[in-house]
Amino acid sequence: MLFSNVVFYYDLKFQTKHLMSDAIIAVNSLTRGMVDVKSMKIKARDWVDSIFNQYALTDEEKIKKDCALYFKLTGFADEPEVYLRSADEGLELGYEATQWNGPIAAPFPGVYKKHSLSWETLHSLDKKEQQELVLDLLMKTINFRKRQYRKCQFCGEKVGTEHRFDQNTCHGCASEHFGVVY
Ligand SMILES: [Zn+2]
């Protein structure tokens, strides 16, 4: 009785495994974009949790000294980072990207602040609410940064706006195909 149960179990498991792998392949190809978005949110939530475990985000003096933190968009294009840092007015979220300004185009680091959260607002919320709000603003910053990326028409790489010649061409391919000299 026990033996036949075991055989039945393995047989069922074998069949199920095949059905499952087919289903998983189908689901994977359909929802890859959604899964990426979901896992980015999970990673962002873990990151915010770990920050709140390390820092008292309402302790302005402490956090001003300690906090300039970067969240990497792992698995996305060249894996850009967004930052969370403290300032006199409150927390700031944004990203850093090379700028190509000036009469002779030369790169220099640019800081782009996208969102801020005043100390006053933070103090008025409990820890859970603070965490949700920081996560919400972090996701908005991440999604803004992601939307700046486009696939290059020549090399097919996803390239940030600061490394593109135009909407569809990266700097490298613009040199190669259009003869643009930097
Ligand atoms: Zn390219």
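Over all other residues within a Cβ to Cβ distance under 15 Å of W100, the charged ones net out to -2, with Lys and Arg as +1 and Asp and Glu as -1. Computed on region 81-182, the Cα convex hull volume stands at 100 Å³ per residue.
Values in this text are rule-based calculations from the coordinates and carry no lab data. Since this is a predicted model, take the numbers as computed values, not measurements. In this analysis, Cβ positions are derived from the backbone assuming ideal geometry, glycine residues included, and neighbour counts consider all displayed protein chains.
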